[in-house]
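Trainee: One structure, as structure tokens, below. Some questions next.
The values are calculated or read from the model by the stated rules, or taken from the named source; none is laboratory data. As the structure is a prediction and not an experimental result, all values here were calculated from the model. Cβ atoms come from the backbone with ideal geometry, glycine included; neighbour counts cover every protein chain shown. These area figures cover heavy atoms from the full protein model, side chains too; ligands, DNA and RNA do not enter into them. Shrake-Rupley method; radii C 1.70, N 1.55, O 1.52, S 1.80 Å.
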Amino acid sequence: MKRLAWIMLLACSTAASGQSAGDSGDKQKILALEHAWDQALSGSDIKALSAIFDSSLIYIDDDGALLTKSAYLSRLRQTGGHVQQIVTEEMDVQVFGATAVVVGTYRERGVQRGKSYTRRGRFMDTWVLTGKNWICVASSATPILH
């Protein structure tokens with residue numbers, strides 16, 4: 001938990017060196033936040049997830065549900081954190097001023113309704129620089145079916 005908080009703090013803070021949005025430093029911060037998201041999801045850390053998301057988050061789950069931040073976090077609480085492990089396989093970050101879009105793939109393993117599952121998906125997350133912090137404002141996940 002301390003490690004996750006430290007990663008998030010490091011990722012969110014903008015260095016005093018005058019980095020501008022769009023440089024590799026911002027991309028690294030966003031990638032660190034994406035990895036912190038995976039760790040928080042695997043550890044059922046609702047508090048850490050809440051810190052990553054903007055209060056106006058729009059989330060489209062892999063089942064097609066359109067969720068607000070509170071609905072997404074509530075769903076995770078109700079399912080008892082069924083995700084045991086989530087690993088991002090690849091990510092690409094594109095920064096457009098104070099907005100960044102991350103596209104990637106992930107592999108997830110967990111238990112749902114008493115049954116083990118493994119799934120693979122593609123995601124797209126939109127991040128906005130607010131002050132000195134990057135925060136996720138929109139996210140969607142789509143299953144990759146084989």
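Trainee: How high is the relative contact order of segment 55-146, given as a whole-number percent (alpha carbon pairs under 8 Å, six or more residues apart)?
Mentor: The value is 27 percent.
Trainee: Let me ask something else about it. Consider a paramagnetic label point 7 Å from the Cα of Ala65 along Cα→Cβ; state which residues of segment 111-146 have an amide N under 16 Å from it.
Mentor: Backbone N within reach: 111-114, 139-143.
Trainee: For segment 121-146 and segment 47-120, what is the centre-to-centre distance using only Cα atoms, to the nearest Å?
Mentor: For segment 121-146 versus segment 47-120, the Cα centre distance is 8 Å.
Trainee: Then there's this: Could you put Ile144, Ile52 in order of accessible surface area, largest first, with the 1.4 Å probe and the full protein assembly present?
Mentor: From most accessible down to least: Ile144, Ile52.
Trainee: Further, regarding this structure: Quick one: pull the percent of accessible area on segment 24-143 belonging to carbon and sulfur, 1.4 Å probe, ligands and nucleic acids left out.
Mentor: Here carbon and sulfur together make up 52 percent of the probe-accessible area.
Trainee: So, R0 is 30 Å and r is the distance between the beta-carbons of Ser55 and Ser24; what FRET efficiency does that work out to, to 0.05?
Mentor: Using R0 = 30 Å, I get an efficiency of 0.55.
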